[in-house]
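Heads up, the thing below is written out as structure tokens.
The values are calculated or read from the model by the stated rules, or taken from the named source; none is laboratory data. Predicted model, so just to flag it, every value in this text is computed and none were measured. Counting neighbours? That spans all protein chains shown, and the Cβs are built from the backbone with ideal geometry, glycine included. Heads up: the accessible areas ignore ligands, DNA and RNA and are worked out on the full protein's heavy atoms, side chains in. Shrake-Rupley method; radii C 1.70, N 1.55, O 1.52, S 1.80 Å.
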Amino acid sequence: PNHAPNSVLGKSKLVGTVIVQPLDSVRPNTWNPNRMTAAMKASLRDGLEKDGWLLSQSLLVWGTDEKGAAKNIIIDGEHRFMVARGLNYLEGPMVFLHGLSEPKAKALTIKMNNKRGEFVEEDLARLLIDIRADIHVDNLALEFGILDEDLAKLLVLEPSLAPPSEVVEDKGKKG
């Protein structure tokens, strides 16, 4: 098969093109080692309902194998796929990769799941403190996908985490 050069790994610095396809045209893989808690799934569902499906969160799909046989198996985005189907989405954004062997498709699942970075707790706390007055949502934990107890710990306004303008001296103390 003759595929666009940007749909084959190693042929271009920018790989893939986002296209909108019916969700029924692809299927989950059988090897995904990534799991989501119920709270994470609820947050994902809430985000899809409120924000819509951002193109930057496209499904990554194994389009064809190295012999050109159609696969149409999700490499990355299985949770988005399942939640979107549960919300009756009929189509979603996808990037198809072609000419992959099965080991390469499986390796990409691991790579994509692992290369998202981790929060630095103090930086996350500062960011949450910075925006919390301007974010008007009923449930911050659901909005950000952070457990209530973890969010409560992050939002404890300690002088070391507060921006300089928010550090308030206790002038009522008598010594």
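Observations on the model:
- Flag if Leu60 is open to solvent by 20 Å² or more (accessible area, probe 1.4 Å), in a helix (DSSP H, G or I) and either under 29 Å from Glu149 (Cβ atoms) or in contact with a helix residue (DSSP H, G or I) (Cβ under 7 Å, 6 or more places away or on another chain) (or both): no
- Number of residues in region 24-57 that are of a type outside the set (A, V, I, L, M, F, W, C) and assigned to a loop (DSSP other than H, G, I, E, B): the value is 9.
- For the residues Lys106, Lys111, the requirement of being assigned to a helix (DSSP H, G or I), over 19 Å from Ala38 (Cβ atoms) and touching a residue at least 24 places away in the same chain (Cβ under 8 Å) singles out Lys106.
- Among the candidates Met94, Met40, residue that is out of contact with any Phe, Trp or Tyr (no Cβ under 9 Å at 6 or more places or on another chain) and either of a type in the set (Phe, Trp, Tyr) or open to solvent by 30 Å² or more (accessible area, probe 1.4 Å) (or both): Met40
- Take the conditions (1) surrounded by 12 or more Cβ atoms within 10 Å (Cβ to Cβ); (2) closer than 25 Å to Asp65 by Cα; Asn114 misses just one of them, which is (1).
- Criterion (closer than 23 Å to Lys67 by Cα and in contact with a Leu (Cβ under 6 Å, 6 or more places away or on another chain)) met by exactly one of Val95, Val83: Val95
- Filtering region 63-72 to residues that are among the small types (Gly, Ala, Ser), surrounded by fewer than 20 Cβ atoms within 10 Å (Cβ to Cβ) and either in a strand (DSSP E or B) or touching a helix residue (DSSP H, G or I) at 6+ places or on another chain (Cβ under 9 Å) (or both) leaves only Ala70.
- Residue check, Lys50 closer than 30 Å to Asp138 by Cα, of a type outside the set (A, V, I, L, M, F, W, C) and modelled with pLDDT under 95: yes
- With respect to (1) part of a helix (DSSP H, G or I); (2) surrounded by 17 or more Cβ atoms within 10 Å (Cβ to Cβ), the lone exception for Ile75 is condition (1).
- Hits in region 117-126 (condition: surrounded by 14 or more Cβ atoms within 10 Å (Cβ to Cβ) and either touching a residue at least 40 places away in the same chain (Cβ under 8 Å) or over 25 Å from Gly77 (Cβ atoms) (or both)): Ala125, Arg126
- Restricting region 43-74 to residues that are touching a residue at least 24 places away in the same chain (Cβ under 8 Å) and within 14 Å of Val8 (Cα to Cα), the residue that is nearest to the chain's Cα centre (by Cα) is Leu60.
- When region 132-152 is filtered for residues that are open to solvent by less than 50 Å² (accessible area, probe 1.4 Å) and over 20 Å from Leu48 (Cβ atoms), only Leu151 remains.
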